[in-house]
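Notes for the one structure printed next.
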Amino acid sequence: MIIWLSSYPKSGNTWLRSLLASYYFSKEGDFNFNLLKNIDQFPSFNHFKDYDKIFLNPTDTAEFWIEEQKKINSDRKIKFFKTHNALCKINKNSFTDSNNTLGAIYIIRDPRNVITSVANHYELNLDQAFEFMTTEQKAIIQKKENSYVGFVALFSWVFHQASWVNNKLFPTLVIRYEDLQNETFLTFKKVINFIDNLDNSKNSFKRDKAKKSIQSCDFERLKKLETNEGFNESSISKKDNSRINFFKLGKDNDYKKLLNKDLITKMNIKFKDEIKKFNYE
């Protein structure tokens, strides 16, 4: 059964994924990028590349979301998967269901801080990033030769978070990126306890290993690892084919310092309900 690590892009998913990879898949809690192979992304090119079928339309792979998850769950073992997909239906095809999903952890981040990371990651200016986040039918599309083998149904930021936060299909823990940042140990412990309760684990919380995982996944250390070793999940620039730094701003990502007043006002109006709901006022 699958446990999803879900979020809108640039909301802390890779950081939480790194913490969990070091806690569950290393001996002492020491992190390295190879550990992320234990928590794959879904949907992705790898899940559809071997089909004897040419996907002529971007949404065609949605028909096989559940089929692929059944294959993943065929050994009946618990697995983590990262996703940026909204919890939605495309052409009547559900992204997942309670037969294939044990639970989910949804990471939410103040949209006013998401926008700068989105702009950097996708090489957009801030106005374009705002449009990216507010486009209702937004998707991330990947094409290989003549086949659309990569399709992530993103939708708008508002739709995306609501689809996961309000779902009744399976247990979902919602955590704020800001709490993971400011109260890392307590928030991470909450995540571990949630996971252990999902699989009825009798394992006790490994306090020292959790602390080592947190230390090992410190933002500055991840940033240094990327500089020294590279990170194959970073985007490739359309301008010069260089890698765009994945770990860039961290705690320096403060919308009050990085956004102009007009854009802040615009976002405060657009995301008024969510800013209030998640205590971002």
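The values are calculated or read from the model by the stated rules, or taken from the named source; none is laboratory data. Remember, predicted model here, so these are calculated numbers, not experimental data. Virtual Cβ from ideal backbone geometry, glycine too; neighbours counted across all protein chains shown.
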Discussion item. Please go through the range 95-118 and give me each residue that is of a type outside the set (A, V, I, L, M, F, W, C) and under 19 Å from Val152 (Cβ atoms), ordered by number.
Written reply: Thr96, Asp97, Asn100, Thr101, Tyr106, Arg109, Pro111, Ser117
Response to the item:
Over the range 168-181, the set of residues surrounded by fewer than 17 Cβ atoms within 10 Å (Cβ to Cβ), touching a strand residue (DSSP E or B) at 6+ places or on another chain (Cβ under 9 Å) and more than 16 Å from Arg17 (Cα to Cα) is Leu169, Pro171
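Can you give me the ranges of the strands (runs of 3 or more DSSP E) entirely in the range 91-209 with at least 3 residues that are at pLDDT 95 or above and under 24 Å from Glu67 (Cβ atoms)? I'd like the intermediate steps shown before the answer.
Values: elements: 101-108, 139-144, 147-153, 172-176.
So the answer is 101-108.
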Worksheet item: Name the pairs whose Cβ atoms lie under 7 Å apart, with the first residue in the range 251-280 and modelled with pLDDT of 95 or more, the second outside any helix (DSSP H, G or I) and of a type in the set (A, V, I, L, M), and 6 or more positions between them or separate chains?
Response: Phe278/Ile108
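Name every residue in the range 25-42 that is buried (at least 19 other Cβ atoms within 10 Å of the Cβ) and under 23 Å from Phe205 (Cβ atoms), in order of residue number.
First, the residues of the range 25-42 that are buried (at least 19 other Cβ atoms within 10 Å of the Cβ): 29, 31, 35-36, 39, 41-42.
Within the range 25-42, Gly29, Phe31, Leu35, Leu36, Ile39 qualify.
Can you tell me which residues in the range 186-209 are under 26 Å from Phe278 (Cα atoms) and surrounded by 12 or more Cβ atoms within 10 Å (Cβ to Cβ)?
Start the filter on the range 186-209 by keeping residues that are under 26 Å from Phe278 (Cα atoms), which leaves 186-198.
Correct list: Thr187, Phe188, Lys189, Lys190, Val191, Ile192, Asn193, Phe194, Ile195, Asp196, Asn197, Leu198.
A quick yes/no check of all residues on (1) in contact (Cβ under 8 Å) with a residue 12 or more places away in the chain; (2) not polar (S, T, N, Q):
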site	(1), (2)
Phe132	yes, yes
Ile140	yes, yes
Phe155	yes, yes
Phe159	yes, yes
Asn166	no, no
Thr172	yes, no
Asn182	no, no
Response to the item:
Selection over the range 188-202 where residues are more than 22 Å from Trp15 (Cβ to Cβ) and free of Cβ contacts under 8 Å to residues at least 12 places away in the same chain yields a count of 4
Worksheet item: What are the residue pairs meeting all of these: first residue in the range 25-42, first residue under 24 Å from Met1 (Cα atoms) and of a type in the set (Asp, Glu), second residue buried (at least 18 other Cβ atoms within 10 Å of the Cβ) and modelled with pLDDT of 90 or more, Cβ atoms under 8 Å, and 6 or more apart or on different chains?
Response: Asp40/Phe81; Asp40/Lys82
Worksheet, complete the sentence: Checked pairs for the range 97-117, first acidic (Asp, Glu), second in a loop (DSSP other than H, G, I, E, B), C-beta under 8 Å and 6 or more apart or across chains, list as Asp97/Leu169; Asp110/Phe278; Asp110/Tyr280
Worksheet item: Can you tell me how many residues in the range 62-81 are under 19 Å from the mean Cα position of the chain (by Cα) and outside any helix (DSSP H, G or I)?
Response: 4
Response to the item:
Selection from the range 151-171 of residues over 15 Å from Ser11 (Cβ atoms) and either of a type in the set (Val, Ile, Thr) or over 14 Å from the mean Cα position of the chain (by Cα) (or both) yields Phe151, Asn166, Asn167, Lys168, Leu169, Phe170, Pro171
Worksheet item: When only residues in the range 19-59 that are touching a Lys or Arg at 6+ places or on another chain (Cβ under 8 Å) and assigned to a helix (DSSP H, G or I) count, which is farthest from Phe80 (Cα to Cα)?
Response: Phe45
Response to the item:
Of the candidates Ile105, Ile72, Ile115, the one satisfying the condition of being of a type outside the set (S, T, N, Q), buried (at least 22 other Cβ atoms within 10 Å of the Cβ) and in contact with a Lys or Arg (Cβ under 9 Å, 6 or more places away or on another chain) is Ile115
